[in-house]
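Presented below is the structure to which this report refers.
The values are calculated or read from the model by the stated rules, or taken from the named source; none is laboratory data. This one's a predicted model, so the numbers in the text were calculated from it and none came from an experiment. Here the Cβ positions follow ideal geometry from the backbone for every residue, glycine too, while neighbour counts run over all protein chains shown.
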Amino acid sequence: MKMKLLLLALAALAAINSYGQNRGVAYVDTLAVLDAMRPQPGMTVYVRGGATTNDWGDTPLAFSYVSGSTATTNRFCRATATGVGRWLHEWNGDVRAFGAVEGTNDNSVVFAQACAEAKLRNGGFTIYIPPGSWRGVWDLPYRVNIQGANAGRFSEFSALFPTNITFAAGLSQLVLPAGANRPLIVITNDGSGYVRQTNKVWADGSVYTSVYAANAISDIILNGNGGNQTSNNCDLVRATGVWGLTLENVGFFNNRGYAVRGNAWNACRMSKIFGFAAPPPTPSKGFYFGTAADCQFSEWWVGGYDGPVFWIRGSDYWKNQHSDMMLFNSGSAGSFTNRWTISVNAATDVVTATNHLFETGDPVEFYTVSGTLPTGVVSTNTYHVIKVDGSSFKVSRSYIHALGGTNTVDFTDAGSGTFYAWCGPMVGFYASDQARRNTFANIRVDQNYTDGFVLNNAHRNVFSSLFAGENDFLNSANDSYGVRIKGNSQGNTISGIVIYTTPGGVSIENDSSENTVLAAAIDTDVTTRWNIADDNDKNFYQEARTLLVGDYAKIGNSNQTTALDIVGNASGVRAIRMSRPSSGVTNSFGLTTDGFIFNNDTLGSRIAALLGSAVYGELSFSRAGSDHNGRQSVIRGGAAVGTDKDGASFDIIGSAGTGGATGGGAINFKTPNAGASGTTTQTETTKLSVQRQGNLILTELSSAPTLNAPNGSIFYGIIGGVTNFWFYRTNGWVGLP
């Protein structure tokens, strides 16, 4: 009996142990072992690897048995050996769970699996990139995010000036695999995971499908591995038709294509951005945005590209905000590596550019240094490449049309002279092709190959607190400017800019109008402070120490020796000119076409203002020319009206001459022209027109007066050195004792 009880107790203990083992915690090496297990309710199994032990890192993943689950099986939802229920793992987003391996392995397939899993998570999901270098390309679905381990460590890698980039330990980096010849990250419009989508027709006629959803890329370094690429299609981020995209605390390095190529962005944000093409592959291009609205760009430190560091383009690039950006070192290779001499076949619309480096969709501009561009393109527009082969291409006006090979430009002639196609000027900031109504604050451009800021056919943008220094860097042309406004740019305002160590300060050219440049602090080492071309009008510009008005003249302390100067230009252009009022204007002077002109000529400063026509004003100043002598009074250089000495309240002063044409008399009243009513014509000797009774006549005569005068006139003169007075009454002059 006792033995029987002992056996029953041992059996019960074995059952308890068996039940506890089945319901307890177990460890297995691979998913294949997990799949072969017979689960018990509530059981949890830790799996050390996917295909092999520890192939997803040192931390096993927990799979719990859920008997009622019938979910679709995948990497984290496993079928059981009994066919009932599922083994489920709550994925934390770590790419190692899919078998990603740090180092030289190409993880592109693993990244695609991770994106597919993340895409299934309603409400969006973040994929985590651990510290280290992880190679592979990404086609990122909407609402799937990428986050590295670099949170709070922007300054750590941004301070590494790139000659040979090495990153601090513990930073996460995505690397484009060698020979990938495609972008590292493409945000795809796959029609899933969005809130809603809409089609928008842009100003260039193209249609983008914009998706109202959000992606985020943060706390990570993106490396293009440019020296190991054979194509210039290798952008780091390419995103088209996106809403709510965020890039924050992201580094961009070693890209052969664009760091970021954006088209049709809405309500996107890029902040804490650091980038440099190091070592610089050719061509390494910066940040290009074809169309965008309601976006924010802030806290940037980027440079080292063959072309514009930051390029905005198109009338649909509008209502965006930019602040606290440093854009530097365009053209770091020290030569024009981003342009090609071209020829055009007007019959086929093909552009020939030997060994060009353009890919389909790339923005391209044309310009000429001599001759005329082919009819069909202009230097103020941006076009997009349709690649034919390595030495030829066609162009379209929009990115979407270029991708589809449609809407090509029709060339009607081949042009003349020498002209180029290029990836844009090697400048810090470039706004082109009617980019409009954007704001910029605290922007610095430094050490760029040619200009600092360039506005080419840009409209009504506002800039404040700018800094442009050491441009024309590595270039010997000495024709660069801190700010260049050209190409029919209109209505832009720049308020507060420092310019130094650049051949030129501010240039306004090529039919640009209604632009305002205020408070420009231009250093003394700038050779050409202002270049205002003759084909511009209605611009207003002001240096910090000189108020400049119009396109030619300036008002202010130009030489620091006088309180106020009104100065024409070196070609003798008038400092101030007031034109004839428009017809029908009442209560105004009738001016000639010359109007009021304050001149500087061989006679010295003079007022040569003309109030034209035979109807004389109460006070009228005549031009000094002979055709107006005797018609109105003339104030010439011989006399001055004002206070000459502190002790006199009012002086009328003649010149040092003895009279005649050179002056001498303080006031010289000349004979009015014949036929003037209400006057008494006098001889030239008296130099006085008597028009009213009670005149005081002051002159010097050799004999007593004989002229007729109204009653009550008093005559004062000197005869033979004796002073005499005469009083005129009805019967003539009477000498006074």
Criterion: without any contact (Cβ under 8 Å) to a residue 12 or more places away in the chain, farther than 30 Å from residue 180 by Cα and out of contact with any Phe, Trp or Tyr (no Cβ under 9 Å at 6 or more places or on another chain) - qualifying residue of 30, 72:
72
Would you confirm whether or not the stretch 535-555 contains a residue that is modelled with pLDDT of 80 or more, assigned by TED's automatic domain parsing to the domain that holds residue 454 and not aromatic (Phe, Trp, Tyr)?
yes
Between residues in the stretch 290-316 that are closer than 12 Å to residue 445 by Cβ and residues that are of a type in the set (Gly, Ala, Ser) and part of a loop (DSSP other than H, G, I, E, B), which pairs lie under 6 Å by C-beta distance while being six or more apart or on different chains?
308/424; 309/330; 309/428
Looking only at the stretch 393-402, decide whether some residue is among the β-branched types (Val, Ile, Thr) and under 27 Å from the mean Cα position of the chain (by Cα).
yes
So for the stretch 68-87 (the condition being more than 30 Å from residue 170 (Cα to Cα) and in contact with a Gly (Cβ under 6 Å, 6 or more places away or on another chain)), does at least one residue qualify?
yes
On the given criteria, is residue 411 at pLDDT 95 or above, over 21 Å from residue 530 (Cβ atoms) and not assigned by TED's automatic domain parsing to the domain that holds residue 524?
yes
Candidate set from the stretch 330-342 (those that are modelled with pLDDT of 80 or more and surrounded by 15 or more Cβ atoms within 10 Å (Cβ to Cβ)); member that is nearest to residue 374 (Cα to Cα)
342
Given the conditions (1) of a type in the set (Lys, Arg); (2) at pLDDT below 90; (3) crowded, with 17+ Cβ neighbours inside 10 Å, report the number of the one that residue 486 does not fulfil.
(2)
Tally up the residues in the stretch 222-244 that are under 14 Å from residue 270 (Cα atoms) and either surrounded by fewer than 21 Cβ atoms within 10 Å (Cβ to Cβ) or among the aromatic types (Phe, Trp, Tyr) (or both), please.
2
If I filter the stretch 46-63 for residues that are hydrophobic (A, V, I, L, M, F, W, C), farther than 30 Å from residue 172 by Cα and outside the structural domain of residue 144 (by TED's automatic domain parsing), do I get at least one hit?
no
Taking the stretch 313-328 and keeping only residues that are surrounded by fewer than 22 Cβ atoms within 10 Å (Cβ to Cβ), over 12 Å from the mean Cα position of the chain (by Cα) and in a strand (DSSP E or B), one is left with 324, 326
Quick test of your reading of the structure: residue 348 fulfils all but one of (1) over 22 Å from residue 458 (Cα atoms); (2) in a strand (DSSP E or B); (3) modelled with pLDDT of 90 or more. Name the failing condition by number.
(2)
Does residue 408 count as of a type outside the set (A, V, I, L, M, F, W, C), free of Cβ contacts under 8 Å to residues at least 60 places away in the same chain and surrounded by fewer than 21 Cβ atoms within 10 Å (Cβ to Cβ)?
yes
Identity of the residue in the stretch 351-372, part of a loop (DSSP other than H, G, I, E, B) and among the hydroxyl-bearing types (Ser, Thr, Tyr), that ends up farthest from residue 235 (Cα to Cα):
354
Kindly establish whether residue 59 is among the β-branched types (Val, Ile, Thr) and either farther than 26 Å from residue 148 by Cβ or at pLDDT 90 or above (or both).
no
Wholly enclosed strands (runs of 3 or more DSSP E) of the stretch 373-468 bearing at least 3 residues more than 29 Å from residue 536 (Cα to Cα)
383-389, 392-396
Number of the condition not met by residue 32 [criteria: (1) modelled with pLDDT under 90; (2) over 14 Å from residue 92 (Cβ atoms); (3) among the small types (Gly, Ala, Ser)]:
(1)
Taking into account only those residues within the stretch 59-82 that are more than 17 Å from residue 25 (Cα to Cα) and of a type in the set (A, V, I, L, M, F, W, C), which is nearest to the chain's Cα centre (by Cα)?
76
